[in-house]
1. Out of all the residues in the stretch 32-72, which are in a helix (DSSP H, G or I), open to solvent by 80 Å² or more (accessible area, probe 1.4 Å) and not charged (D, E, K, R)?
2. Applying the selection to the stretch 78-92, what residues are among the β-branched types (Val, Ile, Thr) and either more than 19 Å from ARG20 (Cβ to Cβ) or exposed (fewer than 12 other Cβ atoms within 10 Å of the Cβ) (or both)?
3. Report every pair of residues separated by at least 6 positions or lying on different chains whose Cβ atoms are under 9 Å apart, first residue within the stretch 71-96 and of a type in the set (Val, Ile, Thr), second open to solvent by 80 Å² or more (accessible area, probe 1.4 Å) and in a helix (DSSP H, G or I).
4. Before we move on, is THR103 among the hydroxyl-bearing types (Ser, Thr, Tyr) and under 11 Å from GLY22 (Cα atoms)?
5. Inspect all residues belonging to the stretch 31-51 and state whether any of them is in contact with a Pro (Cβ under 8 Å, 6 or more places away or on another chain) and either modelled with pLDDT of 85 or more or aromatic (Phe, Trp, Tyr) (or both).
6. Tell me whether the stretch 53-60 contains one or more residues that are among the polar types (S, T, N, Q) and either over 16 Å from the mean Cα position of the chain (by Cα) or modelled with pLDDT of 90 or more (or both).
7. So LYS106 clears everything in (1) modelled with pLDDT of 90 or more; (2) not in a helix (DSSP H, G or I) except one condition, right? Which one?
8. Determine, yes or no, whether VAL95 is open to solvent by 70 Å² or more (accessible area, probe 1.4 Å), modelled with pLDDT of 90 or more and hydrophobic (A, V, I, L, M, F, W, C).
Amino acid sequence: MELVKWLNVKRKEPKYRETRFGIVSFVCAILTLAYFNLFLMTLDGFDVFSNLFLQIIPFVGIISAFLSFTRINYKKTFTWWAIALYLFMLICFIVIFFVEFATYMKP
């Protein structure tokens, strides 16, 4: 009888937290995406923040995303979202480059 009771008891799964590196990576990706949208809407951007938001912050975000994968027993949902946002921005850069190159070719 004790064996049946022991089998019917639901074991609680430990709740895993998000890694801090993953959250930092996601915040960096959101900031970069916001500046990228602002840059595309104004077609001018702010020269002071251009190096910061298009080079330094994405670099920090990608490094923190890779560091997040080294953590064990943590969820990595924000890390995957951040990497997906960085890939989306990379695809946008490539598409915009090819469209501009095809439209404004120099002989």
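The values are calculated or read from the model by the stated rules, or taken from the named source; none is laboratory data. What you are looking at is a predicted structure, and each value in this text was computed from that prediction instead of being measured. Here the Cβ is made from the backbone with ideal geometry for all residues, glycine too, and neighbour counts use every protein chain on show. Ligands, DNA and RNA are stripped out before the accessible areas are found, and what is left, the full protein with its side chains, is counted by its heavy atoms. Shrake-Rupley method; radii C 1.70, N 1.55, O 1.52, S 1.80 Å.
1. MET41, VAL48, PHE49, ASN51, GLN55, ILE56, PHE59, PHE66
2. Passing the criteria: only ILE91.
3. Pairs found: THR79/PHE21; THR79/PHE66.
4. No.
5. Scanning the stretch 31-51 turns up at least one residue that is in contact with a Pro (Cβ under 8 Å, 6 or more places away or on another chain) and either modelled with pLDDT of 85 or more or aromatic (Phe, Trp, Tyr) (or both).
6. For the stretch 53-60, residues among the polar types (S, T, N, Q) and either over 16 Å from the mean Cα position of the chain (by Cα) or modelled with pLDDT of 90 or more (or both): absent.
7. (1)
8. Judged against the criteria, VAL95 is a match.
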